[in-house]
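One structure is given below, encoded as C-alpha cells.
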Amino acid sequence: MTGPAAVALTGAAPGPAGVRARRLIVAAAGAELVVDKLPGVPSRLTPPALAARLILAGVSAAVLARRDGGRATVPALLAASGALAGSVAGARWRGWASRRGFPPFAAAVLEDVAVIGTAAAVTRCDAPRRHLM
C-alpha cells in the first residue's frame, strides 16, 4: 500500500470525494504497516499477496507517470519489477535478521523505513508540480 499512499500524498484531491479517497488510501497503508508486523501474517511471497503488491506498484507508477504527462507502460513495469525485488529482499532481510536474533519488530520497522524512504524519493520532483496537495 506504500505506492498508492505515495500517489495519494503527492497529488491533487479535488473535492470532498478526493479528500476522502486520499484519507482512505493513507489509512489503508497505515493499517498494512501495522498488520504486517503481526505474528501469523502470511508471507508476502504467497501468490495472492505478491500479485497484489505487483499490481498496486504498477498501477501507482502508471498513475504518477500519467499525472506528469508521461507514458505509463515503462514506469509500471519498472515499479512491478521493483516490487518483486523488494518483496523478495524484504522477506530475506527479515529471515536473515531473525536467524541472527534481531528483534522481528525492529527488523520490520527498518524495512518500512527503507520502503517509505524509497517511495518518497521516487515521487519527489524538483520541478513545480501542477497537482500539489
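Where a number appears in this text, it was derived from the coordinates with a stated rule and is not lab data. Just so we're clear, the structure is a prediction, and the values are computed from it rather than from any experiment. No Cβ is skipped: glycine too gets one built from the backbone with ideal geometry, and neighbour counts run over all protein chains shown.
Which residue, Ala17, Ala61, Ala27, tops the fluctuation ranking in a GNM of the chain built on C-alpha contacts under 10 Å?
The residue with the greatest mean-square fluctuation here is Ala17.
Calculate how steeply helix 47-67 sits against the longest principal axis of the alpha-carbon atoms of the chain, using the helix alpha-carbon long axis, and give the answer as 0 to 90 degrees to the nearest 10.
30 degrees
For the Cα atoms of the chain, what angle does the longest principal axis make with the long axis of helix 15-35, in degrees from 0 to 90, nearest 10?
10 degrees
Determine the distance separating the Cα centre of the stretch 29-59 from the Cα centre of the stretch 99-122; give it in Å without decimals.
For the stretch 29-59 versus the stretch 99-122, the Cα centre distance is 14 Å.
Just rank Leu64, Leu54, fewest to most, by other beta-carbon atoms within 10 angstrom.
So the ranking, lowest neighbour count to highest, is Leu54, Leu64.
Taking the number of other C-beta atoms within 10 Å as the exposure measure, put Glu111, Glu32 in order starting with the fewest.
Going from sparsest to densest Cβ surroundings: Glu32, Glu111.
Contour minus end-to-end for Phe105 and Ala121, with contour as 0.36 nm per residue of separation and end-to-end as the Cα-Cα distance?
3.3 nm
Once the principal axes of the Cα atoms of the chain are found, what is the range along each, listed largest first in whole angstroms?
48, 31, 29
Put +1 on the Cβ of every Lys and Arg and -1 on every Asp and Glu Cβ in the stretch 1-78; which of Ala61, Ala29, Ala12 then has its Cα farthest towards the positive end of the dipole?
Value computed over the given set: Ala12.
Taking the Cβ of each residue in Thr2, Thr46, Thr118, Thr10 as the centre, tally the other Cβ atoms inside 10 Å and list the residues starting with the fewest.
Thr46, Thr118, Thr10, Thr2
Rounding to the nearest 20 debye, state how big the charge dipole of the chain is about its Cα centre with +1 on each Lys and Arg Cβ and -1 on each Asp and Glu Cβ.
In debye, rounded to 20, the chain gives about 100.
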